[in-house]
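The structure appears right after this line, and notes come after that.
The values are calculated or read from the model by the stated rules, or taken from the named source; none is laboratory data. Keep in mind it's a predicted model, so treat the numbers as computed, not measured. Reconstructed Cβ throughout: ideal geometry from the backbone, glycine too, with neighbour counts over all protein chains shown.
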Amino acid sequence: MSHHIVEVKNLKYTYPDGTCALKDISFRITHGESVAVVGENGAGKSTLLLHLNGYLMSGNGIIRIGDYPLTKETVKEIRRTVGMVFQDPDDQLFMPTVYDDVAFGPLNLSLPPEEVDSRVENALFTVGALHLKSRPPYRLSGGEKRSVSIATVLAMSPDILVMDEPTSNLDPRARRKLIELLKTFKHTKIIATHDLDMVMDLCERTIVIHKGQVMSDGPTAEIFMNQELLAESHLEKPLRMQGCPVCGNK
Amino acid sequence: MSRIQTAFLDLGLMDTLSGKDTPVHRLDPRAKLLTTLIFIITVVSFGKYEISAIIPFFIFPAVMMSLGELPFYYLFRKILIVIPFAFMIGIFNPLIDREILMRIGLFSISGGWISFCSIMVKFILTAGSVLVLIACTGFNSVCMALEKMGAPRIFAVQLLFLYRYIFVLIVEASRMANARALRSFDGKGKGMKVFGYLLGHLLLRTIDRAQRIYLAMLCRGFDGEIRVNRHLEAGMREVIFTVAWSAFFIAMRVYNIPLIAGSFITELIL
């Protein structure tokens, strides 16, 4: 297999209405890495993610996914390689039943029906949602919807998983289960989030974005110790690293 | 609970009904769809003054409802909601068509009233049969059947999306309605103007969501065609179901059964 590298060089992007979302972003994520992208609301995280699967393309800067530079010609291959999980599962689950939804991607890859079938079963099994197969998506709970959203992406066997706020709107147990599930994945992972405690569990590396620029890029533990950097980027230490309000230990 | 939320639960019940497991539910959707189509065509093909000959057609929805274990009152309420449309179509007939067609004792009944009743009966039958079809098949399967039977794909897909997102839309609308209700006092804030804003806002949100859904589709290789991996299987049961019912409908269309039965009984008595 080729190396699942994500490389972004001098990426700039301005929305048609003149909002400058990305000023100058560069980083390189190598095979199997798990990287968190953190930053305040409106820092440019979502805009950055939208570039990684070619939904937004800007003339400024270079993006390479694996062996391909991201261009109009390679976008189809790149979308298969990069699995994108959206923040709102209702946007991701648009087909009438869970099965149809998970089968949507594989069918678009023109796989034979038996292969589609086994991929759907495998993906649903992996996220523990096989029993939901014939249910309509609007009848699922928030946690179930999230699991199925991830299955829809897994069914396409991506090499790189890109997730936007995967733990938002989940109850604590569903959140914990999701984190445990994501830990088992061997994919290269890029996770945009405000849930810094999850970042501590999942990502060994963190990229801090502030006002469309990379503020810092390094080992998660180091970044979360840097109080000044966090404050400047409108972030706080993860709760686990803060003092205990009951026993008063700092 | 707001009325929007009630509508949501009501629609959800329709979905629950379609998930039952009865002989009617197990039939291939295409057989049920085709039979219902033939039913509707035969019903609407009756003349405008016909009432008695149409009455036996109630057998079909009645049988389907009892075999499919569908609640009568629930479906009946659904018909009541849409009945004003048929009422508005038919209500001018008695004013325009005043020719006396029938006398019962001292009462004389004009052609207008008869055609009005005919319209109402036909409406209840056709709307009822479609509701029964959806309740014992499921909206999604009806769409799939439409598509498999050669309806334009884009049409079937549009219906599927409509059904999928009506739930999301209802939830969004009810949230907005709740937010408004909680901050409206003494009728202030409930006016048409605010309603207009709400509606406009809902439209904008819908456009935003449509864009995000399209993006999600693109991410999974959407190229303009929606493919569905589903096999429908029609066997002997389906053929018998469709042929038997259709033959029955056509027989009822050709012979006025209540009239024949009536004259038979009259003959017996005399």
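The figures follow:
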quantity: Helices (runs of 4 or more DSSP H) contained entirely in the stretch B:145-259, each with at least 1 residues that are exposed (fewer than 13 other Cβ atoms within 10 Å of the Cβ) and within 10 Å of chain A (Cβ to nearest Cβ); calculated: B:192-219
quantity: Some residue of the stretch A:152-173 being closer than 29 Å to residue B:166 by Cβ and in a strand (DSSP E or B); calculated: yes
quantity: Pairs with Cβ under 9 Å, 6+ apart, first in the stretch A:167-188 and over 24 Å from residue A:33 (Cβ atoms), second of a type in the set (Ser, Thr, Tyr) and surrounded by 17 or more Cβ atoms within 10 Å (Cβ to Cβ); calculated: A:174/A:147; A:174/A:167
quantity: Candidate set: the stretch A:122-137, residues that are assigned to a helix (DSSP H, G or I) and touching a residue at least 12 places away in the same chain (Cβ under 8 Å); chosen: the one nearest to the other protein chains (Cβ to nearest Cβ); calculated: A:137
quantity: Any chance residue A:38 is at pLDDT 90 or above, over 21 Å from residue A:156 (Cα atoms), touching a strand residue (DSSP E or B) at 6+ places or on another chain (Cβ under 7 Å) and among the aliphatic types (A, V, I, L, M); calculated: yes
quantity: Residues located in the stretch B:166-179, provided they are modelled with pLDDT under 85 and not β-branched (Val, Ile, Thr); calculated: B:167
quantity: All positions within the stretch B:8-58 that are without any contact (Cβ under 8 Å) to a residue 12 or more places away in the chain, assigned by TED's automatic domain parsing to the domain that holds residue B:110 and hydrophobic (A, V, I, L, M, F, W, C); calculated: B:37, B:41
quantity: Scan of the stretch A:60-89 for residues that are in contact (Cβ under 8 Å) with a residue 40 or more places away in the chain and either within 11 Å of another protein chain (Cβ to nearest Cβ) or part of a helix (DSSP H, G or I) (or both), ordered by number; calculated: A:80, A:81, A:82, A:83, A:84, A:85, A:86, A:87, A:89
quantity: Residues being more than 10 Å from every other protein chain (Cβ to nearest Cβ), touching a residue at least 12 places away in the same chain (Cβ under 8 Å) and over 22 Å from residue B:210 (Cα atoms) - total across the stretch A:90-120; calculated: 1
quantity: Entirely in the stretch A:180-242, the strands (runs of 3 or more DSSP E) that have 2 or more residues that are more than 18 Å from the chain's Cα centre (by Cα); calculated: A:213-219
quantity: Meets criteria (closer than 18 Å to residue B:41 by Cα, touching a residue at least 60 places away in the same chain (Cβ under 8 Å) and surrounded by 13 or more Cβ atoms within 10 Å (Cβ to Cβ)) for residue B:123; calculated: no
